[in-house]
Amino acid sequence: MKGFLELGKILGIKIEIHWTFALLLIWIGLVEFENSGNLEKVIISQGLILVLMACVVLHELGHALMARKFNIKTNSIILLPIGGVATLDEIPKKPKQELLIALAGPTVNIIITLILALVIPLRSYFNFDTVLIDEQLYEPTFQNLLFYLFIANLMLVIFNLIPAFPMDGGRVLRALLSFRLSRLEATNIASGIAQGLAILFFIVGLLFNPFLVLIAFFIFFGAYGENQMVKQYSILEGHIAKEATLTNITLLNLTTTLEEVIELVLTSSEKDFVVFDNQRIEGVLYQKKIIENAQSRSLLVGDILDKSVGFIDANTPITEVLERMQKEKKNFFPVTENGEIIGAIDRSNISEFILLKSI
């Protein structure tokens, strides 16, 4: 994914980090150095951020492992300056599944908080001598690092359980509502509450803390996006791939030259092509490959097509087609009916289908 660096894998799940995370570390380091002028404290603050992000990874692994119990695969865990995201292969449809998956992340942070509470002398931090506490908290000690980590995990639990998308609390609220209401109705209510909270955070942020303004935008647009996605899925329910299939497509064969393909691209609206040879689907030639090899126009389609692409049966629900597109990260598939190719389906045509059905 563009802008992300893969750090490795845990339990088969890719851990990726966005490059802007480096800016967060630099900014926090500069602020700490400006306030204290102490390099040791700068290093400790940087270490705290890194350990906290490790807790975020554990939080997202909680979601991923619970999703795995319901046979839902997690492709990756993405670390951003504002937190982490576990990208699931599919959205849990059953309320119980969504509820347990949503609660699994904060539960991990609660466990971490309880463990830290056992090893930190918390009473010494909660006496009423404010001067002594200030002096104690400002000392760069390992015990203070653990205390800050305790507070940070506690805040992660509270923040994530705010009943607003895209936080876990929003999904918990929707899951609970879905036991009585349809998923669409539950999402409408949950997203409405989330956007109301976002407006409140925005007003409070303007008055007291600019960081709340950023959170307000994060919540507002996250809730809007979730609501739109569920609306689209509800429009598509009961519809099959055949209804959104492009039937007027050009079939290429293995010996078609790239020169011929480029002429087709320039004279038509087609960008991706099904390669069909010897009475069978050989694969797909994607626009990206055409552009990458545009300087070698004598190449044959058979040399650059993607043979890993399968096909979609015409009777497949369109919602399943979208899930497959997300899972395989491909936006164009051949469509067959009774073993015969009848066209292709892509994300753009599905979007047009949704638009026309929503009118």
Query raised in the report: Is there a residue being hydrophobic (A, V, I, L, M, F, W, C), without any contact (Cβ under 8 Å) to a residue 24 or more places away in the chain and under 19 Å from Ile115 (Cα atoms) anywhere in region 53-61?
Result: yes
Query raised in the report: Mind checking which residues of region 278-292 are surrounded by 17 or more Cβ atoms within 10 Å (Cβ to Cβ) and either of a type outside the set (Val, Ile, Thr) or on the phi > 0 side of the Ramachandran plot (or both)?
Result: Glu282, Gly283, Leu285, Tyr286, Lys289
Requested in this report: Report, by residue number, each residue of region 249-277 that is within 32 Å of the chain's Cα centre (by Cα), farther than 13 Å from Phe333 by Cα and open to solvent by less than 50 Å² (accessible area, probe 1.4 Å).
Outcome: Glu270
Query raised in the report: Inside region 237-248, can you point out the residues that are among the aliphatic types (A, V, I, L, M) and either open to solvent by 40 Å² or more (accessible area, probe 1.4 Å) or modelled with pLDDT under 90 (or both)?
Result: Ile240, Leu246
Report summary line: Among residues of region 271-285 being at pLDDT below 90 and not in a strand (DSSP E or B), the residue nearest to Thr247 (Cα to Cα) is Gln279
Query raised in the report: Only one of these conditions is not met by Ile15: (1) modelled with pLDDT of 75 or more; (2) assigned to a helix (DSSP H, G or I); (3) farther than 16 Å from Thr141 by Cα. Which number is it?
Result: (2)
Query raised in the report: Out of (1) part of a helix (DSSP H, G or I); (2) under 21 Å from the mean Cα position of the chain (by Cα); (3) modelled with pLDDT of 80 or more, what's the single condition that is false for Phe21?
Result: (3)
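For region 297-324, give me each residue that is in a loop (DSSP other than H, G, I, E, B), over 21 Å from Ala241 (Cβ atoms) and open to solvent by 30 Å² or more (accessible area, probe 1.4 Å). Quick ask: steps written out before the conclusion?
Quick first cut of region 297-324, residues in a loop (DSSP other than H, G, I, E, B) only: 297-299, 305, 307-311, 314-316.
Now restrict to residues that are over 21 Å from Ala241 (Cβ atoms): 297-299, 305, 307.
Answer for region 297-324, where residues must be in a loop (DSSP other than H, G, I, E, B), over 21 Å from Ala241 (Cβ atoms) and open to solvent by 30 Å² or more (accessible area, probe 1.4 Å): Arg297, Ser298, Leu299, Lys307.
The values are calculated or read from the model by the stated rules, or taken from the named source; none is laboratory data. All figures in this text were calculated on a predicted structure; none of them were measured in a lab. Cβ sites come from the backbone with ideal geometry, for glycine too, and all protein chains shown count toward neighbours. To get the accessible areas, we keep the full protein, side chains included, count just its heavy atoms, and leave off ligands, DNA and RNA. Shrake-Rupley method; radii C 1.70, N 1.55, O 1.52, S 1.80 Å.
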